[in-house]
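> My questions all concern the structure below.
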Amino acid sequence: MNQEVIIMYDNQIIYKGKIENIPIKEHVIIEQSIIQFGDDDPCIIHRSYVIKKILIEFLKEINSHMNGKKLILNHINKEMIEQLDLEHAYNAVIEFC
């Protein structure tokens, strides 16, 4: 998961960096921590596990739809995109560096 990506919306970069550092909405982290561990105030270990699991699934989804170097994110599972803490992510384009 050490891949670098650029996520752009309307020719503006909304995220640039490693996939493992894409921000996830806080309420999603807490919801998943409750599901996985029964923990509504996740410690760093639970938080890290949940984030990594979400981003691994995100990467799998991207790779299953990728046909080249770029992908419009609205081609993948909408619920997955809504977990990201990025404005306009649903209509953004992701590109692997």
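The values are calculated or read from the model by the stated rules, or taken from the named source; none is laboratory data. All values reported here derive from a predicted model rather than from experimental measurement. Positions of Cβ are backbone-derived with ideal geometry, glycine not excepted, and every protein chain shown enters the neighbour counts. Areas reflect the complete protein model, heavy atoms only, side chains present, ligands, DNA and RNA absent. Shrake-Rupley method; radii C 1.70, N 1.55, O 1.52, S 1.80 Å.
> Please compute the Kirkwood hydrodynamic radius of the chain from all pairs of different C-alpha atoms, in Å with one decimal. Could you put the intermediate results ahead of the total?
Details: mean 1/r = 0.0729 Å⁻¹.
Result for the chain stands at 13.7 Å.
> Relative contact order for the chain: what percent, with Cα pairs under 8 Å and sequence separation of 6 or more?
Values: 132 pairs, mean separation 35.4, N = 97.
Relative contact order of the chain: 36 percent.
> Choose one of I13, N2, V28: the residue whose Cα lies farthest towards the positive end of the charge dipole of the chain (beta-carbon charges +1 Lys, Arg; -1 Asp, Glu; about the Cα centre).
N2
> Ignoring ligands, DNA and RNA, what percent of the 1.4 Å accessible area of the chain is carbon and sulfur? Show your work: numbers first, answer last.
Values: 2850 of 6040 Å².
Within the chain, the accessible surface is 47 percent carbon and sulfur.
> Turning to a different aspect of this structure: Which of H75, H46, H27 moves the most in a Gaussian network model of the chain with Cα springs under 10 Å?
Maximum among the listed residues: H27.
> Compute the accessible area per residue over the stretch 1-57, keeping the other protein chains in place, probe 1.4 Å, unit Å².
On the way: 3630 Å² over 57 residues.
Accessible surface, normalised per residue, equals 64 Å².
> What is the distance, in nm, between label points placed 7 Å from the Cα along the Cα-to-Cβ direction at M66 and at E95?
1.5 nm
> Cα-based count: Lys pairs in the chain below 18 Å, eight or more positions apart or different chains?
18
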